[in-house]
Amino acid sequence: RDGLPEDGIRESLWADIRIKDDTVRVFNNHLHSTAIKAEDNEFITKHRYISDSAREDKIRSIVHRFRDNSILRAEQADSIAKAVAATSLARIVCGDFNDTPMSSVYHTMSHGVVDAFSEAGKGYSSTYRGFSNMLRIDFVLLSPRYEVLFYDTPDVDYSDHRPVVVKFRKRVN
């Protein structure tokens, strides 16, 4: 267990950080998990042969958890987006969204900010080691007043996620 309550509640926090003559509000987020476990990942990515009824039960379980947790993440994203929109400060919205750039969660969270990967990333990027290293679910989103100079997800083994490293500066007007 990762020390979270039984219901798996995730949190968001923010801090105001002074950078030279500017103050930026950083929202760090860990949205609700998909609840897809290692054995689900193995089932999905490897062709294991089990009985039709067991396979149907397993798929139904995965789909139901995915649906239920997607709804929870959408509610979290709506709440966070309201707090982000309410600030007049420059903002950075970052963290583990547990959803992809094609999701409604990402769409909600990225309103009014710029995805660092879209600005400075190259090729294909994944941040989560599960599902054959195919998912980018961790993000750094910045106010348009910042220019993204560098984006990387180094392959280090600190976690089941890769860190997202971004270098940026205030745009020159």
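The values are calculated or read from the model by the stated rules, or taken from the named source; none is laboratory data. Owing to the predicted nature of the structure, the values given are computational and were not obtained by experimental measurement. With ideal geometry, Cβ positions are generated from the backbone for all residues, glycine too; neighbour counts draw on all protein chains shown. To get the accessible areas, we keep the full protein, side chains included, count just its heavy atoms, and leave off ligands, DNA and RNA. Shrake-Rupley method; radii C 1.70, N 1.55, O 1.52, S 1.80 Å.
Of note:
- Rough spin-label spacing in nm, given labels placed 7 Å along Cα→Cβ, for VAL156 and LYS20: 2.6
- Heavy atoms of VAL113: accessible area, 1.4 Å probe, square angstrom to 10: 20
- The fraction of accessible area contributed by carbon and sulfur in the range 126-167 is 53 percent, rounded to a whole number (1.4 Å probe; ligands and nucleic acids excluded).
- Under the convention that each Lys and Arg Cβ holds +1 and each Asp and Glu Cβ holds -1, the size of the dipole of the range 55-136 around its Cα centre is about 220 debye.
- The calculated FRET efficiency for LEU13 paired with ARG67, based on their beta-carbon distance and R0 = 22 Å, is about 0.20.
- Taking 23 Å as the limit for the C-alpha separation, the pairs LYS82/LYS122; LYS20/LYS167; LYS20/LYS82 exceed it in the case of LYS82/LYS122; LYS20/LYS82.
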